[in-house]
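J.: Below: one structure in structure tokens.
Throughout, read-outs are computed from the coordinates displayed, never taken from laboratory work. As the structure is a prediction and not an experimental result, all values here were calculated from the model.
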Amino acid sequence: MTQTTSLPMTIRNSVILACVFAAASSPQSGTAFRSNVELVTIPCTVIDAEGVEVRDLARDEFRIYDNGVRRIVENLWIDTDLPLTLGVVIDASESQGELLAEHRQTTGELLERILRPGDRAFVVSVDEDVRLWADLTGSVAALRRQIAGAPGDLFGQPCAKRASHAPGVAPTSVCGGSPLWNAVYEAGRKLRPLTGNKALLMLTDGFDTGSTHAVKEAIEEVEWAGTAVYAIQYQSGFGGRYAPDLYSLTGETGGAWFSPPGGDYGAILARMEADLRLHYVVGFRPENLSGGKARHDVRVEVTRPGLSVRARKTYFRTPQ
């Protein structure tokens, strides 16, 4: 394919290039985060000091570092409005019991506002086990009905039960009452084979009580899936707010965490729209394509002063 990205690009030229590239390659190539042939592509959003998106950058204003080594930026385009697959994780554990009705209502409202024609979503709950409340569908009405309905089917492996030695006391889960990282891990597995834009939104206090999958495994699974994680972090019913594992999960995957906005979700939606609906895609070719480290640290920078870049911090390669 003849490359045309060496020319400085205005936003108009970027959009034209996106169309040309899409016609000549996979229609979802702009959102892939794994490389098993040649080109590695990293989506990113660039903002100024006021938080306003900047969309007039040229290719030579980007710098990309792969495992600390600077690579040549060979391609730059802008992806617009690719279909979105959204997973939602609702913390239904005891620590969020008083907020559960609100979480159900909030999820329905957010899905109503986020999803567009062609998008799909699924909803998972976390209690003693992880359950699929609503499977993949583009129907917000169906999602609302299922969120408000039955507990749902088991999602992933069940947590083993620990027998009680006290008479009349039921067995308890070895995962405790909130295997949050199990939910993230299983959601990543569900999202991995899907194409297009992908995101995971969590409504939770951010505290896990003994998942069989560590938070590191959960992070790696959603990274393999090319999925950004966003979280609305609520106060725990047991007290406490600081949840460093949740912040690592959102930060390393290129997402973000938010405090409950008191009913006004505009800022959260704007951030997700900016990150997922319209973003730069930076393409480069790593060395040693015949093998090497599967998990790569990646850093995207721009040379124009006063700007910052939001992008995930890793990508995965499948050795040939």
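J.: Take every Cα-Cα pair in the range 196-255 and report what % of them are more than 16 Å apart.
T.: Distances greater than 16 Å cover 44 percent of the Cα pairs.
J.: Based on Cα coordinates alone, diagonalise the gyration tensor for the range 174-320, multiply each eigenvalue by 5, take square roots, and list the semi-axes in whole Å, largest first. Provide the component values of the computation, followed by the final result.
T.: Values: eigenvalues 150, 91, 34 Å².
Taking √(5λ) for each eigenvalue gives 27, 21, 13 Å, largest first.
J.: Restricting things to alpha carbons, find the Rg to Rh ratio for the range 84-275 using the Kirkwood radius for Rh.
T.: We get a ratio of 0.95 for the range 84-275.
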